[in-house]
Amino acid sequence: MYLIKDRKWAIEGKDIRNMCFSNFFPSTFGTTEPLHPNSTAQEWENLQAISVGVGVTYMMNLSQKSVESCSQKYEIFKAIRTWEDARAANAFPASVKKILCDVNRQFHLEEIDKNTWKLYEMKPNGNVFLLTLKRAKGY
């Protein structure tokens, strides 16, 4: 399981430390922690960024109680949808995926239309525009 707040492995981490810097790349992060009342869209964008970067999926641990207790539930689900739409459009070239793997950086993805997204890096003093991503031909 990948810990969203800590941005590192939990169970598997006992054996492989932090997968972002090791040679072990599973096809999934496993089941996530449930949503909490204080879960943020940025935490989930961080998870989306690294999962796109390393090319894995994850399973959301959801219950009606955990979802309804989360004040940012709509922002979180919108962020996940934006990232997954861009992933399905093959909009992330290898050079961008490499950047997204950096656990010391935080990203935000904004949908412009169904074929275009803007990628930003989140900095303490404001968002920094990185690049525009486009739907890959044939997707």
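The values are calculated or read from the model by the stated rules, or taken from the named source; none is laboratory data. Because the structure is a prediction, the values reported are computed rather than measured. When we count neighbours, we look across all protein chains shown, and the Cβ atoms used for this are built from the backbone with ideal geometry, even at glycine.
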Taking A10, is it at pLDDT 95 or above and either of a type in the set (A, V, I, L, M) or exposed (fewer than 14 other Cβ atoms within 10 Å of the Cβ) (or both)?
no
Among the candidates A79, A49, single out the residue that is in contact with a helix residue (DSSP H, G or I) (Cβ under 6 Å, 6 or more places away or on another chain), over 15 Å from L130 (Cβ atoms) and among the hydrophobic types (A, V, I, L, M, F, W, C).
A79
Scanning the stretch 55-92 for residues that are among the aromatic types (F, W, Y) and farther than 12 Å from K114 by Cα, which turns out surrounded by the fewest Cβ atoms within 10 Å (Cβ to Cβ)?
Y74
Per the filter on the stretch 49-69, residues touching a Ser or Thr at 6+ places or on another chain (Cβ under 8 Å) and either within 16 Å of D6 (Cβ to Cβ) or in a strand (DSSP E or B) (or both) are S51, T57, Y58, M59, N61
The strands (runs of 3 or more DSSP E) lying entirely within the stretch 84-139 that contain at least 1 residues which are touching a residue at least 60 places away in the same chain (Cβ under 8 Å) are 106-113, 116-123
